[in-house]
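None of the figures in this text is laboratory data; all of them are computed from the coordinates on show. Remember, it's a predicted structure, so these values are computed and weren't measured experimentally. Cβ placement follows ideal geometry from the backbone for every residue including glycine, while neighbour counts extend to all protein chains displayed.
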Amino acid sequence: MKEAYEPFVDRLIELAIAEDIGDGDHTSLSAIPAGERGRMKLLVKESGVLAGVEIAERVFRRLDPTVSFERRLKDGDRVEPGDIAFYVEGTLITLLQAERIILNIMQRMSGVATRTALYADALEGLKTKVLDTRKTTPGMRVLDKMAVRIGGGENHRIGLFDMILLKDNHIDFAGGIDRALTGARRYLADHHKALKIEIEVRSLEDIDRVFAAGGADRIMFDNFTVEQTREAVRRVAGRAETESSGGITLENLRAYAECGVDYVSVGALTHQIKSLDMSLKAVELCEK
């Protein structure tokens with residue numbers, strides 16, 4: 001999965017630099033002597049799960065391959081106020097150009113990872129895994145999904161291209177479950193693709209219709225109650241992966257998981273985020 005992220009990460013970094021620096025950081029260029037060097041530290045100011053250290057180093061090295069980057073903490077570490085994630089040394093202009101880009105990325109990623117960890121911790125001892133969704137900020141999805149994994153969750157799919165997910169509108173437009181599944185299998189065969197097929201069901205009877213139509217790799221129970229979910233898992237009986245979606249909160253998450261579903265998808269992992277507070281602070285070159 002990491003390999004699938006790479007092109008998106010590189011493009012996102014280029015866009016972040018272009019939108020912030022444009023034709024030059026004229027404030028720094030006018031006030032700071034060229035070539036003068038300095039040192040900064042990433043200071044954590046709030047409890048949570050750290051994410052984005054790897055991306056921060058890539059941003060610094062994109063702006064100046066000669067920077068010295070010293071990691072003190074790694075992605076996925078639990079952090080407290082006062083923790084130092086890394087030190088970086090380079091030209092002052094590079095450090096100042098990178099400052100807001102780094103903070104924007106790391107604060108959001110750490111917020112996503114921190115929220116995801118709450119859900120992952122609530123599932124401790126159960127087989128169920130928490131999944132993200134496509135409810136992400138446009139252009140930031142790759143970092144959101146990386147942060148979910150850092151926080152202990154799993155990715156559902158990156159986009160529309162790496163899995164077939166037949167949701168209610170697809171099924172209705174196709175003319176029903178049978179036609180939707182038949183069309184999906186035919187499409188994969190015609191285009192020589194080996195993608196998993198997931199289908200959303202809206203009732204217990206829909207589960208029977210899925211298997212009558214040849215089945216799917218995963219079945220998503222959309223807005224089922226806990227009682228309906230328990231019966232749905234029984235009907236699937238191990239013939240496909242199972243996923244609960246819709247109306248899942250931190251409060252009812254474990255109840256759904258205890259029904260035996262393989263996955264629970266939660267849009268709030270990425271679309272209701274409070275960024276983790278942190279700052280980049282100048283330090284003396286000799287500070288360790």
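The phi torsions of region 133-145, fed into the Karplus equation with coefficients 6.51, -1.76 and 1.60 and a -60° offset, translate into couplings of 9, 8, 7, 10, 6, x, x, 9, 4, 4, 6, 4, 6 Hz, rounded to whole numbers, with Gly and Pro shown as x. Holding the Cα-Cα limit at 23 Å, pick out from Lys145/Lys274; Lys167/Lys193; Lys45/Lys274; Lys135/Lys193; Lys135/Lys167 the pairs that are longer than that. Beyond 23 Å: Lys135/Lys193.
Where does the Debye-calculated log10 I(q)/I(0) of region 214-286 sit at q = 0.11, 0.18, 0.19, 0.25 Å⁻¹, using only Cα point scatterers of equal weight, no solvent? Values returned for q = 0.11, 0.18, 0.19, 0.25 Å⁻¹ are -0.39, -0.71, -0.77, -1.11.
Spin-label pair Leu204-Asp121: with each label point 7 Å from Cα along the Cα-Cβ axis, the two points sit 3.6 nm from one another. Derived from the Cα gyration tensor, the three semi-axes of the equivalent ellipsoid of region 1-123 are 27, 17, 12 Å, largest first. From the alpha carbon centroid of region 191-232 to that of region 128-162 is 21 Å.
In plain terms, the chain from Asp64 to Glu287 could stretch by 78.1 nm, reckoned as 0.36 nm per residue minus the Cα-Cα distance. Near Ile219, once Lys and Arg are set to +1 and Asp and Glu to -1 for all other residues with Cβ below 15 Å from its Cβ, the sum equals -4. Structure remark: mean-square fluctuation, Gaussian network model of the chain, C-alpha springs under 10 Å; the largest value among Leu43, Leu123, Leu188 belongs to Leu188.
Note on Glu19 and Arg235: the model spin-label points, each 7 Å out from Cα along the C-beta direction, lie 4.4 nm apart. On the basis of the beta-carbon distance and an R0 of 41 Å, Asp217 and Ser47 show a calculated FRET efficiency of 0.60.
Phi angles across region 99-113 convert, under the Karplus curve 6.51 cos²θ - 1.76 cosθ + 1.60 with θ = phi - 60°, into 3J(HN,Hα) values of 3, 6, 4, 4, 5, 4, 6, 6, 5, 5, 4, 5, x, 5, 5 Hz, Gly and Pro given as x.
Each pair of Cα atoms in region 8-61 enters the Kirkwood radius, and Stokes-Einstein at 4 °C and 1.567 mPa s then converts it into a translational diffusion coefficient of 94 µm²/s.
Any idea what diffusion coefficient the chain gets from Stokes-Einstein, in µm²/s, Kirkwood Rh on alpha carbon pairs, 25 °C, 0.890 mPa s? Translational D for this selection: 116 µm²/s. From most to least packed by mean Cβ count within 10 Å, the peptides 14-26, 215-227, 159-171, 90-102 give 90-102, 215-227, 159-171, 14-26. When DSSP beta bridges are restricted to pairs lying wholly in the chain, around 50% turn out antiparallel.
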